[in-house]
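Please treat every number below as a calculation from the coordinates, not as lab data. The structure presented is a predicted model; accordingly, all values stated were derived computationally and were not measured. For neighbour counting, all protein chains shown are included, and Cβ atoms are generated from backbone atoms with ideal geometry for every residue, glycine included.
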């Protein structure tokens with residue numbers, strides 16, 4: 001019973017929300033943008049970048065929306081290396 005009440009409350013909160021991006025996604029993007037400060041971007045070609053940070057060196061193609069790091073594909077939320085490569 002308590003679970004159903006919680007779901008009903010959350011559903012009404014989401015339906016009343018008017019912005020385009022939900023608060024949880026905004027919070028995740030803020031966290032990723034803080035981590036993006038530690039990444040360096042190297043231009044490989046036209047809008048294709050290599051993000052560098054310690055051991056990881058993923059490639060980011062902004063034209064084709066291709067990333068060698070699969071977390072972005074799973075969540076559809078930009079990761080810190082993608083944010084570091086964005087202009």
- request: Quickly work out the residue 5-to-residue 50 label distance, labels modelled 7 Å from Cα along the C-beta direction, and quote it in nm with one decimal.
  value: 5.8
query: Between residue 76 and residue 63, 0.36 nm times their residue separation minus their Cα-Cα distance comes to what?
result: 3.1 nm
- prompt: Of the peptides 21-32, 43-54, how do they stack up when ordered by the mean number of other Cβ atoms within 10 Å, highest first?
  reply: 43-54, 21-32
message: In region 1-16, whose amide N lies under 17 Å from the spot 7 Å out along Cα-to-Cβ of residue 27? List them in ranges.
response: 7, 9-15
message: Just to confirm the number: angle between the C-alpha axis of helix 2-16 and the first principal axis of the chain, 0 to 90 degrees, nearest 10?
response: 60
message: Just to confirm the number: angle between the C-alpha axis of helix 23-36 and the first principal axis of the chain, 0 to 90 degrees, nearest 10?
response: 20
